[in-house]
Amino acid sequence: MSLTFVAHNTLEPAIYGAMAGVLASQRGVELAHLNVEWDTQRYADACQHVTAAGDLVTSGLLWYERLSGKSAGRVWKLDDLLSLHGAKDWIIPLGPSQLASFTRLAREVRNYSVDYQLVEVEHSRQGYQFHRLDSLDGAPNTWWRDSFGRFTQRHHTQQSSSSRRLRIALIGTYQDQLESYPATLASLGDAAEAQGTLTEIVFIPPRSSEHVLQSTLKDIDGVILPGGSDMQNVAGQIRVAHYCLKHGIPTLGLCLGMQTMATAVIQQMSGDTQANLAEADPQAAVKTFIPLGETAGRSLHRLGDNVMKMRSGSQMASILGERSTIRYNHRFQLNPQFKDSLENYGLAISATCLDGAIADGIEYASHPFYVAVQGHPELTSTPEKPHPLMRAFLQAAADA
């Protein structure tokens, strides 16, 4: 057994494990990761990447999955890894909190008489590189991040079959989307390349004033309302959803984005601007999304890959087919009391879980593209296989 620790002393959860994933893929060795602590006050979505099996891990482990096609797996205790896999080589990323205790980790490894080495990651204008004892560790070893935050070994500019440049608003701060949870931005890059569409991303902080939101959105071709765990972003997302409804801007919602998009329609339908998610406002008299656990037989937290079923003839079905596997990380569902009234109002529940109990997708027939899913399609996108929902959204933005 041999362990290679890859030390990357960065405060950004979005790049934790990225270069370790590169090294693991180059060497054909699996990656294992240990518990790491993040400043969740600064990075609310630091640990919101969910694996197919349903493990919540640091968001930067997305890169290992994209590079290797393998799951990032669960968090290990080093002692368990050493005792259970005595004959296997591993690559192990180290973040700042782990580096602070590396002396203890090294002692544990020596107690098992296991060989190990420490490879450091250095970031400069030349890119991200592996260094060990001040010498390069293998070649080629320089990686960059492109305009969509994706790790790449080549400098390239977007290629386009059209002279038009799409301006896509991602409702989130640059910090949240590039430094904390990189999957949404990366999946947009995958789709833009596949579509041959020049795409400019405009980051709009959801807590911006109404004036800033409206003045920025007026020159936008499409809007993505992403997922996220910070409930302080909900009010801003709902305001953006209202604007997109009124002005016919193609809009795609992901997880929390579906919840805020549906809530905007419920507010419009009922005339009640105080209707809100139970998670964002537990005291709201009208709750648009309620805990999963309030439905008999449902778990409190839905995690990992599940199959959703599309309604025949829906826009969602034309994009994804009859059934599609999507990755979930949510604890709240559309309040069942609104299902019939929303359908009558024109907001179709176009995808559900297999037994039909949970609304997994919505679409508004009278809108050019007002489509949302309760899952996270961005987590299974790759450059070779962009997610169809992202491609359909960009096409709708180009056609609008």
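Okay, here's what the table says:
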read-out: Proximal charge balance of H330 [Cβ under 12 Å; K/R count +1, D/E count -1]; value: +2
read-out: Charge sum, other residues only, whose C-beta stays under 13 Å from V50's C-beta, Lys/Arg counted +1 and Asp/Glu -1; value: -1
read-out: Net charge of neighbours whose Cβ lies under 13 Å from the Cβ of T152, counting Lys and Arg as +1 and Asp and Glu as -1; value: +1
read-out: Spatially proximal aspartates and glutamates relative to K339 (Cα-Cα < 18 Å; intrachain offsets below 8 disregarded); value: D272, E294, D355, D360, E363
read-out: Among 164-172, 88-96, the order from most to least packed when residues are scored by Cβ within 10 Å on average; value: 88-96, 164-172
read-out: Sequence-separation-based contact order of region 3-152, relative, with Cα cut under 8 Å and 6+ spacing, percent; value: 31 percent
read-out: Coil-residue GluC sites (Glu not before Pro) of region 341-400, DSSP, other Cβ within 10 Å capped at 14; value: E384
read-out: Extension gain (nm, one decimal) between H301 and S229, 0.36 nm per residue minus Cα-Cα; value: 24.6 nm
read-out: Distance between modelled label sites at S2 and A53, nm, 7 Å Cα→Cβ extension; value: 2.6 nm
read-out: Label-to-label distance, nm, for residues given as E210 and A285 (7 Å Cα→Cβ offset); value: 2.0 nm
read-out: Protection proxy ranking, peptides 51-61, 330-340, average beta carbon neighbours within 10 Å, highest first; value: 51-61, 330-340
read-out: Relative contact order (percent, whole number), the chain, Cα cutoff 8 Å, 6+ residue spacing; value: 15 percent
read-out: Accessible surface of region 166-399 [probe 1.4 Å, protein heavy atoms]: carbon and sulfur percent; value: 48 percent
read-out: Two-decimal Rg/Rh across region 166-399, once Rg and the Kirkwood Rh are taken from alpha-carbon atoms; value: 0.93
read-out: Added length on full extension, which subtracts the Cα-Cα distance from 0.36 nm per residue, D340 to A106; value: 78.3 nm
read-out: Whole-Å distance, taken between Cα centres, linking region 311-361 and region 159-217; value: 25 Å
read-out: For V29, residues with placed amide H under 5 Å, excluding near neighbours; value: none
read-out: Surface per residue (accessible, 1.4 Å probe) for region 166-399, Å²; value: 37 Å²
read-out: Value of [θ]222 nm, deg cm²/dmol, for the chain, DSSP H segments ≥ 4, -39500 (n - 2.57) each, nearest 500; value: -8000 deg cm²/dmol
read-out: Under Karplus coefficients 6.51, -1.76 and 1.60, residue-wise ³J(HN,Hα) of region 351-362 in Hz, glycine/proline x; value: 8, 9, 5, 4, 8, x, 7, 10, 6, 10, x, 9
read-out: Among (i) 150; (ii) 202; (iii) 180, the entry derived from the coordinates for volume of the Cα convex hull per residue in Å³; value: (i)
read-out: Extension reserve of the S312-R42 stretch, reckoned as 0.36 nm per residue once the Cα distance is removed; value: 92.9 nm
read-out: Of all accessible heavy-atom area on region 3-152, the percent that carbon and sulfur account for (1.4 Å); value: 46 percent
read-out: FRET E, pair W144, R331, Förster distance 45 Å, beta-carbon r, rounded to 0.05; value: 0.75
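The values are calculated or read from the model by the stated rules, or taken from the named source; none is laboratory data. All of these numbers come straight from a predicted model, not from anything done at the bench. Glycine gets a Cβ as well: all are built from the backbone with ideal geometry, and neighbour counts include every protein chain shown. Ligands, DNA and RNA are stripped out before the accessible areas are found, and what is left, the full protein with its side chains, is counted by its heavy atoms. Shrake-Rupley method; radii C 1.70, N 1.55, O 1.52, S 1.80 Å.
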